[in-house]
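Trainee: I'd like to ask some things about the structure below.
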């Protein structure tokens, strides 16, 4: 049981690190939104919004929504669902490294 708790804490710390790295690259408006959504009191909005983003991603063929809503929804839900934290954090860290590489080539 104790190893389960420490694994959950490590995964949460990894996701927190990934979101902190995202905040370093994001504009001020997005940073405020990320911080508000990470607040524990925002859970009542975070879960339904995450589910809505995932469902919307299935309508990728429509002009307004797209497949990019899927990872956004996963990131929102990962704050509250322990088994999604590690994969979401790894995906976010990978995307951030690719973004930095792309920006460095400019």
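Laboratory data are not the source of any read-out in this text; all were calculated from the coordinates shown. What you see is a predicted model, and the numbers here were worked out from it, not measured in a lab. Here Cβ is always computed from backbone atoms with ideal geometry, including for glycine, and neighbour counts include all displayed protein chains.
Trainee: Stretch residue 52-residue 39 to full length: gain in nm at 0.36 nm per residue minus the Cα-Cα span?
Mentor: 2.8 nm
Trainee: How high is the relative contact order of the chain, in percent, counting Cα pairs under 8 Å that sit 6 or more residues apart?
Mentor: Over the chain, the number comes to 32 percent.
Trainee: In addition: Taking the Cα-to-Cβ direction at residue 102 and at residue 72 and moving 7 Å from each Cα, how far apart do the two end points lie in nm?
Mentor: Between residue 102 and residue 72, the simple spin-label model gives 1.5 nm.
Trainee: By how many nm would the segment from residue 81 to residue 61 lengthen if fully extended, with 0.36 nm per residue of separation less the alpha-carbon distance?
Mentor: Extending this stretch completely gives an extra 4.4 nm.
Trainee: Also: Report the residue, chosen from 91, 62, 15, that carries the largest GNM mean-square fluctuation when the chain is represented by alpha-carbon nodes joined by springs under 10 Å.
Mentor: Looking only at 91, 62, 15, the biggest GNM fluctuation is shown by 62.
Trainee: In addition: Match the structure shown to one of the listed values (1) 15.9; (2) 13.4; (3) 14.7 of Kirkwood radius over Cα pairs in Å, computed from it, and give that label.
Mentor: (3)
Trainee: For the pair residue 12/residue 31, report the inter-label distance in nm, with labels modelled 7 Å from Cα in the Cβ direction.
Mentor: 2.5 nm
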